[in-house]
1. Mind giving me the FRET efficiency for residue 122 and residue 83? R0 is 22 Å, r the Cβ-Cβ distance, nearest 0.05 is fine.
2. Once phi is turned into θ = phi - 60°, what whole-Hz ³J(HN,Hα) does the Karplus curve with 6.51, -1.76 and 1.60 give for every residue of region 197-205, x standing for Gly and Pro?
3. Can you compute the FRET efficiency between residue 163 and residue 193 using 1/(1 + (r/R0)^6), with r the Cβ-Cβ distance and R0 = 22 Å? Round to the nearest 0.05.
4. Run through region 193-230 and list the trypsin sites (Lys or Arg not before Pro) located in a DSSP loop whose Cβ has at most 15 other Cβ atoms within 10 Å.
5. Given R₀ = 30 Å, FRET efficiency for residue 106-residue 217 by Cβ-Cβ distance, to 0.05?
6. At what distance in nm do the modelled label points of residue 148 and residue 203 sit from each other, each positioned 7 Å from its Cα along Cα→Cβ?
7. Using modelled amide H (1.01 Å from N, peptide plane; none on Pro or chain starts), what sits under 5 Å from the amide H of residue 42, excluding residues fewer than 5 places away?
8. Taking 0.36 nm per intervening residue step and subtracting the Cα-Cα distance, what contour gain separates residue 37 from residue 23 on full extension?
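A short reminder: the numbers here are calculations on the coordinates, not readings from a lab. Remember, it's a predicted structure, so these values are computed and weren't measured experimentally. When we count neighbours, we look across all protein chains shown, and the Cβ atoms used for this are built from the backbone with ideal geometry, even at glycine.
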Amino acid sequence: MDTADVIIPETLDHMARAISECRSQETLCSTLDVFTRWAGFRWYAVHDANVNWPSVKRSLEWIWLTNYPSELWEDYDRSGFARHDPIIRALECSASAVPWTEIPTIIPLSRAQEDVLSSAFCAGIRAGVSVAVRVPGRRQGIVTLISDHPIEIASCHKATLGFIAPIAFDAANRTGDTHSPHGTTSNLQMSPRQLECLVLVARGKSDWEAGQILGISEQTVHRHVEIVRMKLGVRRRTQLVAKALHLGLIGYGDVL
């Protein structure tokens, strides 16, 4: 039986402790990836509740952690779907985790919101479940699990995510690699491996090609690049390279 079908308290407690004990964003991303796959999903996203809404003035530093493929997120960003994403609206009306298939039963969908859900399906998303993290007097967040294959979201999935979400969001907030509304960062310290991956991305290498050059897996390269991207407070890899050059993290000689 798949472990995603049955909540094993000791295992879930172990996952919760592992997430809460993370002391760096890199470790947290790796741990969230393990949890996501254990729960039967492929991708995760942990972010501030307002990060998808450009019209909202961000007065606080914001959180954005995900292992979702960067090219798919960039397409979402370019298409302007954030303005009409129905997930946030549905979460405003729900006190528990919301499977994406239930969104039409929670809020009436506009044509633009239907297009957002349709585009997600076209991008390879076959199932998703999100939960809002609400802590009185503190920032509000959203945690999501996403699958590239059909999953019937059961009560155990909702309960598991509901239990882990506040722990994951607190860990993301605590590890400190958050971004200011103007794109400055609180910590630009990077490991040698992260810089190696950054240079190869700047040279136009794919995650797979960079992995072959460095002798590491494609997934590991992706994780390193995403951590650098989040540290610099940008969403697209093209922006990542431009900002890294601007800040002097890499030189033009590294790119050529």
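1. Rounded to the nearest 0.05, the efficiency is 0.75.
2. 5, 4, 4, 5, 5, 4, 7, x, 7
3. With a Förster radius of 22 Å, E is 0.10.
4. 203
5. The calculated FRET efficiency here is 0.20.
6. Once both label points are built, they end up 2.6 nm from each other.
7. When sequence neighbours closer than 5 places are left aside, the close amide H contacts are 146, 147, 148.
8. 2.9 nm
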